[in-house]
Structure formats: structure tokens, C-alpha cells
Amino acid sequence: MYDSRAAAGRIVVAQLAGAVSRHAGWKARLTEDELAAAIAELQEITGNRPDGPALMAEVAGVGLGARAGIPLEEDKARVEARILLAAGADKSLIAGWEREGARRAARARQLPFGARLLAPGQQPGPAGRTAAAPDAGEDPRA
């Protein structure tokens, strides 16, 4: 899928994702000072951009959707989303981005076109054909 947004918007999304991940760490909760520092940095990154709340919602939603069902990662995504909401993310946009994050994660788990799974004990053979694995006592170079 081609992302037609300006390169500056994509850079801001990457900066937001990195900053919120760093601030969230692996904590269940942030202290008031930690949250204030995170909010200040996120708002500094978005500056006066009119799409700042939408970009923060994108980071929150994609993170939630892509990491849904993954132990620990899902918890971290929730903490990051809470931080982004506190910083001013547009809550109404998060659900749409969450679906997009889940879609991206599902696509990333797919096998590449033309790839095949080998049965246990099979090895790829010449020209993509599969061959049985050699016995443990057999010299494969013979």
C-alpha cells in the first residue's frame, strides 16, 4: 500500500513512535513527572502541526492493533496509547488505526509469494524441489 502522505508526516510518526516507546519502557504506570516529560516531548515533536492529534492517534492505534494478543507487547502498547491520549491524540481515530495495525501485522505474518512450508524432515532440494533429510548416520557429502 502506497502511503501518499508527505515525507515530513511519516518522519513525525516515526519520531512519535520512538519517543513514546522510550517513555513507556516496560512499566505498567508512569509517575506524574514521567508522564509530564513524555507529554512535553510528544507535543514538541508535533509542534503546531494541525494534524498532530491525528498523527498521535495513528501511532497509538497501529501499536495497539499490531501487538494485540502478544503477551507483554500488548501491555506496552496500552501504556503507549494512554501516554499518547494524554498528549492529545484524537481518540476518535484510534479504532480505525487499530484495524490498520492488525491488518499490517497479519500481512507481515504471511509467507512470501511462492514460498512453501517443508514437512518435518524435508530439506529444500535442487530447483525448489524437496528431498528427504539425510539419516543421522549418513554422510550428506557422499
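Would you tally the net charge around Gly18, using a Cβ to Cβ cut-off of less than 12 Å, leaving Gly18 out, and scoring K and R as +1, D and E as -1?
-1
So if I place +1 on the C-beta of Lys and Arg and -1 on the C-beta of Asp and Glu, and nothing else carries charge, what would the dipole magnitude of segment 69-117 be about its Cα centre? I want it in debye, nearest 20.
Roughly 260 debye for segment 69-117.
Cut-off is 10 Å between beta-carbons; in what order do Ile39, Ile11 appear when sorted fewest neighbours first?
Starting with the residue having the fewest Cβ neighbours, the order is Ile11, Ile39.
Within a 10 angstrom radius of the beta carbon, how do Trp97, Trp26 rank from fewest other beta carbons to most?
Trp26, Trp97
Every read-out reported here was derived from the displayed coordinates using simple, explicitly stated rules and does not represent laboratory data. Because the structure is predicted, anything quoted here is derived from the model rather than measured. Cβ atoms come from the backbone with ideal geometry, glycine included; neighbour counts cover every protein chain shown.
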